[in-house]
Amino acid sequence: MSASQGFLAVPGADLVAARQQAHTAAQLLASAAQTYLPPRADSSESAMRWAQGHLVSQAFDGVTLHLDPGLLVILVRGPEGEMRLDLEGRSPSQALEALATALGQQGVAFKPWRIPDWDTPMGPLMEQGAFAVQPEGAVLTRAYQAAAELLAQVERDIPKAGPALCWPHHFDLACLVAVASDEKGKLSQSIGIGMSPGDSGIPAPYLYVTPWPAPEDWQPAALKLGDWNKTWVGALLHYRDWPGDVGVRAFVEEAAAACRGVLAQT
């Protein structure tokens, strides 16, 4: 299935509720990572990867957590096999209690939860109603799958491209392409390539390509596919305009080349 077929299977669907539910569910994985893994300077201990239809946590104590963002199911895989945790009907606090029980059955010693301190899309994590599976969640899952396939090609074909990770704060799946470093070896220029499942400004999934640091007063040439965003510096391609795989790669290549060009001038 091409990316366009996957997204357009539900034309005009309102994905906001599905995204908010899945985004909040992802905070459960982030909470576990922050609780059981040592903190890193870039907070990447809470970042997830996409594999076989799931967002997958970093491993801790021999356990990984696998979230299906469409069905709102967490699979707890560890020494005792696989345990299934259905989130539907549970509040986030109830889900944390159930997750702690499942981790205990996997031999993970209980620790007080470290809740992410960033804002979640549905407000404070512990004050929500019950999770509810949304029909449009399947479209969200297809968006992540299509993006993961694209980013696997980016990792393979673009030099200095990092791994594709899903960051629980913004919920995007993205990789970072290193462009330049300073005299101390610290990254000084990069290009971000990823997929956002939607946000407060753009409700549906979109691809983006962004230069860092963002140049000022940049007037890039029009893209053959997609547009340059007007509220943040970068290219975007709405899901409704996502063509087949070849066209998506062409969008990324053209936008990345433009970003690399402007960074070379700074």
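Couple of notes before you dig in:
- Electrostatic dipole magnitude of the chain [Cβ: Lys, Arg +1; Asp, Glu -1; Cα centre; debye, to 20]: 280
- Using alpha carbons only, the radius of gyration of the chain set against its Kirkwood radius gives Rg/Rh = 0.98.
- For the residues D172, D245, D182, a GNM of the chain with alpha-carbon springs under 10 Å puts the largest fluctuation on D182.
- The range 224-266 - convex hull of the alpha-carbon atoms, volume per residue in Å³: 67
- Residue among G192, G226, G89 with the largest mean-square fluctuation in a Gaussian network model of the chain, springs linking Cα atoms under 10 Å: G89
- Net charge dipole, the range 135-224: roughly 200 debye, given to the nearest 20, about the Cα centre with Cβ charges of +1 for Lys and Arg and -1 for Asp and Glu.
- Rounded to whole Å, sorted largest first: equivalent-ellipsoid semi-axes of the range 137-264, Cα gyration tensor: 22, 17, 14
- Length released on extending from A180 to D217, taking residue separation times 0.36 nm less the Cα-Cα span: 11.2 nm
- Stretching the chain fully between A152 and R260 yields a gain of 36.9 nm (0.36 nm per residue, less the alpha carbon separation).
- In terms of its Cα atoms, the range 13-127 spans 40, 31, 27 Å along the principal axes, sorted from long to short.
Every read-out reported here was derived from the displayed coordinates using simple, explicitly stated rules and does not represent laboratory data. Fair warning: this is a prediction, and the values are worked out from it, not measured in the lab. When we count neighbours, we look across all protein chains shown, and the Cβ atoms used for this are built from the backbone with ideal geometry, even at glycine.
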